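Below is one structure, written out as structure tokens; comments come after it.
The values are calculated or read from the model by the stated rules, or taken from the named source; none is laboratory data. Values in this document were obtained by computation on a predicted structure and should not be read as measured data. No Cβ is skipped: glycine too gets one built from the backbone with ideal geometry, and neighbour counts run over all protein chains shown. These accessible areas exclude ligands, DNA and RNA; they are computed on the full protein's heavy atoms, side chains included. Shrake-Rupley method; radii C 1.70, N 1.55, O 1.52, S 1.80 Å.
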Amino acid sequence: MSFGLPYGVFSRPGEPRRVGVRVDDRVLDLAAALGDEVFAAPSLNPFMALGRTAWRAARRRVEAAVRESTAGDLIPLGEVTPHLPVDVADYVDFYASLDHASALGRILRPGEEPLKPNWRHLPVGYHGRAGTVVVSGTPIRRPCGQRPPSAPGGRPSFGPSLRLDIEAELGFVVGTPTGPGERPGAFEDHVFGVALVNDWSARDIQAWEYVPLGPFLGKSFATSISPWITPLDALEGARVDGPAQDPEPLPYLRRSAPWGLDLTLTVELNGEPVSAPPYRGMYWTPDQMLAHMTVNGARLRTGDLFASGTVSGPDDPGSLIELTRNGAEPLTLANGETRTFLDDGDTVTVHAVTRDGIRLAGVSGTIVPAT
Ligand code: CA
């Protein structure tokens, strides 16, 4: 198992941020190792903007530098501070899991058809808040907001969210931009790499506010992302065809290459695994998400982040609202405590590994009390 040489941004005490590559539990300082100033930047954006030819050339140089490195060239992970690896431009969040969308539909709209009529025709998504994407390890402050009335026709209350949840997702980071109105070319020419994402969600705020315009403050308080971005080239062995789609999507959404990914996430609550969602079954693949989010002429910018939406399998959901059936069936942890949603002090970590043993660096966050 290896981490596939993911890229990130780190600093050492008193020194500026710079780009490094993770080699198991150590970091190679790329500006120093390769003598290339593009890596002396405080984010991956300047490197990602160079495009795929440069990414592949850099990867060959990185692999050679790692092979030739000695222990003295590599900095122990514990001696560096990881930072947000990407200056996030726009953040789009999809809803690409059939199992998750069906389960949420049954919970939020009981008695109705769980999937809306559009769901199998387009990857449903919304624009999130780029400015609150935070690096793994950043404490997550419990949000306050309007909570739904306790009875139909009643008034909402204001206060800390009582139903704070997670969404275990896979995020895709755009490197190569497009101009306004310009449709992107091949997926791999624009998307630089992937990272695990936890899209924290306040279910009570969300349930009250989302009609009719969709997610807003229940989602925008924080989205955590792994400090390490795994380049697409490291995921070649995980690529699979996406699931069959019925009905066949419109031509602009038809797949031309296998961009399903065979990897399994692990969700840990206070160190205890509580679910292992499989990514492979995600109904909409990321090439389809990219095609959809640009089909109207919206341009891509370096640093755009689009996330898959909660990764859920039939038996392994990526959210507590599914795991506990909207709080009706609390989880019992190994220490005897129970949870429906998150308590202050809880730590959630999401890991993943591909079928060929490439690990994605984890994303973690701890809940701190509301102010
Ligand atoms: Ca989400």
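Within segment 238-288, how many residues turn out to be charged (D, E, K, R), in contact with a helix residue (DSSP H, G or I) (Cβ under 8 Å, 6 or more places away or on another chain) and within 23 Å of residue 348 (Cα to Cα)? Explain how you work it out, then say what you get.
Residues of segment 238-288 charged (D, E, K, R): 239, 241, 246, 248, 254-255, 262, 268, 272, 280, 287.
When the remaining residues are screened for being in contact with a helix residue (DSSP H, G or I) (Cβ under 8 Å, 6 or more places away or on another chain), the result is 255, 262, 287.
Filter again for within 23 Å of residue 348 (Cα to Cα), leaving 262.
Final tally of qualifying residues: 1.
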Only one of 90, 36 that is of a type in the set (D, E, K, R), buried (at least 16 other Cβ atoms within 10 Å of the Cβ) and touching a Phe, Trp or Tyr at 6+ places or on another chain (Cβ under 9 Å): 90
Criterion violated by residue 157 - all others in (1) at pLDDT 95 or above; (2) within 16 Å of the ligand (Cβ to nearest atom); (3) open to solvent by 10 Å² or more (accessible area, probe 1.4 Å); (4) of a type in the set (Ser, Thr, Tyr) satisfied: (2)
Selection from segment 18-32 of residues that are open to solvent by 50 Å² or more (accessible area, probe 1.4 Å) and assigned to a helix (DSSP H, G or I): 32
Residues that are open to solvent by less than 20 Å² (accessible area, probe 1.4 Å), of a type in the set (A, V, I, L, M) and farther than 22 Å from residue 360 by Cβ, drawn from segment 199-237: 202, 205
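When segment 251-273 is examined, which residues are found to be of a type in the set (A, V, I, L, M) and under 20 Å from residue 361 (Cβ atoms)? Full working, then the answer.
Our first condition is that a residue be of a type in the set (A, V, I, L, M); within segment 251-273, this holds for 253, 257, 261, 263, 265, 267, 269.
Across segment 251-273, the qualifying residues are 261, 263, 265, 267, 269.
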Residue count for segment 39-67, restricted to those that are surrounded by fewer than 15 Cβ atoms within 10 Å (Cβ to Cβ) and out of contact with any helix residue (DSSP H, G or I) (no Cβ under 9 Å at 6 or more places or on another chain): 6
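Every residue, every condition in (1) within 16 Å of the ligand (Cβ to nearest atom); (2) surrounded by 19 or more Cβ atoms within 10 Å (Cβ to Cβ); (3) in the same structural domain as residue 51 (by TED's automatic domain parsing); (4) among the aliphatic types (A, V, I, L, M), yes or no:
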{"position": "264", "(1), (2), (3), (4)": "no, no, no, no"}
{"position": "277", "(1), (2), (3), (4)": "yes, yes, no, no"}
{"position": "289", "(1), (2), (3), (4)": "yes, yes, no, yes"}
{"position": "298", "(1), (2), (3), (4)": "no, no, no, yes"}
{"position": "303", "(1), (2), (3), (4)": "no, yes, no, no"}
{"position": "313", "(1), (2), (3), (4)": "no, yes, no, no"}
{"position": "319", "(1), (2), (3), (4)": "yes, yes, no, no"}
{"position": "345", "(1), (2), (3), (4)": "no, no, no, no"}
{"position": "351", "(1), (2), (3), (4)": "no, yes, no, no"}
Lone unmet requirement of (1) within 16 Å of the ligand (Cβ to nearest atom); (2) in a loop (DSSP other than H, G, I, E, B) for residue 185: (1)
Any hit, segment 204-222, residues being touching a residue at least 12 places away in the same chain (Cβ under 8 Å) and under 30 Å from residue 38 (Cβ atoms): yes
Checklist (1) closer than 17 Å to residue 142 by Cβ; (2) part of a loop (DSSP other than H, G, I, E, B); (3) away from the ligand (no atom under 12 Å from the Cβ) applied to residue 208, failing item: (2)
